[in-house]
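Participant: Handing you this structure, nothing more for now.
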Amino acid sequence: MDTKPSEIIEAHGQHLKVSAWHDSDDVAQITPLIAFERLNSKSIDIGVQNAKRMGYKIIYSNALMDHEIGGFLKCGFSVKEQLHILRHGLGSSASFREIPKIKIRKPTRIELEEIVRLDKKCFDSFWTMDLDGLRGATEATSRARFRAALYRQNSKTEITVGYAITGLGDKKGYLQRLAVDPEFQGRGIAQQLVEDGFEWLRFWRAHEEFVNTQTKNERALNFYLKMGFTLLSERLNVLELHLGS
C-alpha cells in the first residue's frame, strides 16, 4: 500500500505538516513547517482533525523541549519518549588512534542502503530511519557532514559498520545520528566518528555541539559523557495521541 501523502495546513497563523510516521498507514506525525516554531493548541487541534480524517489512528509530535509541550498536552497528548540533551564545548579533546582496517569517508549511494539496514540493527523500530529519514537529518541544518565507517574485510571488500551525521547551524553543531554495528562496538569506531565531527565543526568555527539520547540508554549516555559532553537539565519529549474510532 502506498504511503499517504503529506498535508500542509495553515491554521491560526501557523503552518504545520501532517505526514506518515516511517511510512506507516496508521501512524502520523504533526510537525511545524518552520523549524523550531512552537505550535499552539488551536493549530495542533486542526492538525489532529486532519490526521483523523486521513485515517490515522495514532499521532506523534516532533521532539520538543520541556517548555514547548504545553500546546500538545492541551490537545490530549501524553509523553511517549524522553531524551537526554548533552552539550560539548568543542575545546581540545582526546585524539584517538587509527583503527586497523577502518576507514571514515562519505558514503556512496550503495552504502546508503547498507546504512539503512545498519540503522535497523542499532535502534528499536520507533527510532529507526529510512532513506528519507537520513535525508531529513542531513537537511535539518544549513550544513551537514555525513560519514560512514568502512571495515576492510579483504583487498576487494569493504562493509559499512557505522555512520554519523553532524549538522551545523548558527555556529552550533548537532550530532544528528550516530550508529555502530553491534558486532563492531567497543573498538573505538564511535569515538572516531564523533571526533571527525568535532574537527569539522571546529573548521567552521562552531562554538558548541549538542546531542540527544534516550533516557533509558545508559550505555549511550556514558559514552557521550566520556567524550566530554555534559548533561543538561532540560529534556526532549516525543508525545503521542491515540485517536478514537
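No value in this document is a laboratory result; all are computed from the given coordinates. Bear in mind that the values here come from a model prediction, so they are computed numbers and not experimental data. Backbone-built Cβ (ideal geometry, glycine too); neighbour counts: all protein chains shown.
Participant: Filter the stretch 5-52 down to the residues that are touching a Gly at 6+ places or on another chain (Cβ under 6 Å) and among the polar types (S, T, N, Q) and list them by number.
Facilitator: Selection gives Asn40, Ser41.
Participant: For the stretch 64-84, give me each residue that is outside any helix (DSSP H, G or I) and over 18 Å from the mean Cα position of the chain (by Cα).
Facilitator: Within the stretch 64-84, Ile69, Cys75, Gly76, Phe77, Ser78 meet the criteria.
Participant: Might you let me know whether the stretch 89-101 holds any residue that is under 22 Å from the mean Cα position of the chain (by Cα) and closer than 26 Å to Gly173 by Cα?
Facilitator: Step one: list which residues in the stretch 89-101 are under 22 Å from the mean Cα position of the chain (by Cα), which gives 89-90.
Of the ones still in play, those that are also closer than 26 Å to Gly173 by Cα are 89-90.
Yes; the residues of the stretch 89-101 include at least one that is under 22 Å from the mean Cα position of the chain (by Cα) and closer than 26 Å to Gly173 by Cα.
Participant: Same structure again: Count, please, the residues in the stretch 1-53 that happen to be among the acidic types (Asp, Glu) and more than 17 Å from Gly244 (Cα to Cα).
Facilitator: In the first step, residues of the stretch 1-53 are kept if they are among the acidic types (Asp, Glu); the result is 2, 7, 10, 23, 25-26, 37, 45.
From the residues that got through so far, the ones that are more than 17 Å from Gly244 (Cα to Cα) too are 2, 7, 10, 23, 37.
Qualifying residue count for the region: 5.
Participant: Show me the strands (runs of 3 or more DSSP E) entirely contained within the stretch 146-238 in which 2 or more residues are surrounded by 14 or more Cβ atoms within 10 Å (Cβ to Cβ), among the aliphatic types (A, V, I, L, M) and in contact (Cβ under 8 Å) with a residue 12 or more places away in the chain.
Facilitator: Numbers: elements: 158-169, 172-180, 208-214.
It comes to 158-169, 172-180.
Participant: To continue, here is another question. Which ones in the stretch 102-129 are part of a loop (DSSP other than H, G, I, E, B), charged (D, E, K, R) and under 16 Å from the mean Cα position of the chain (by Cα)? Even if it seems obvious, please write down each step before you answer.
Facilitator: Going through the stretch 102-129, the residues part of a loop (DSSP other than H, G, I, E, B) turn out to be 106-108, 123-129.
Then keep just the ones that are charged (D, E, K, R); that gives 106, 124.
Matches in the stretch 102-129: Asp124 only.
Participant: Continuing with this model, one more query. Which condition does His15 not pass, out of (1) part of a strand (DSSP E or B); (2) in contact (Cβ under 8 Å) with a residue 24 or more places away in the chain; (3) farther than 30 Å from Ser233 by Cβ, if it passes all the others?
Facilitator: (2)
Participant: Please go through the stretch 130-145 and give me each residue that is outside any helix (DSSP H, G or I) and farther than 26 Å from Arg205 by Cα, ordered by number. Don't jump to the end; show me each part of the working.
Facilitator: If we filter the stretch 130-145 for residues that are outside any helix (DSSP H, G or I), which is where we start, we get 130, 140-145.
Residue satisfying the conditions is Asp130 alone.
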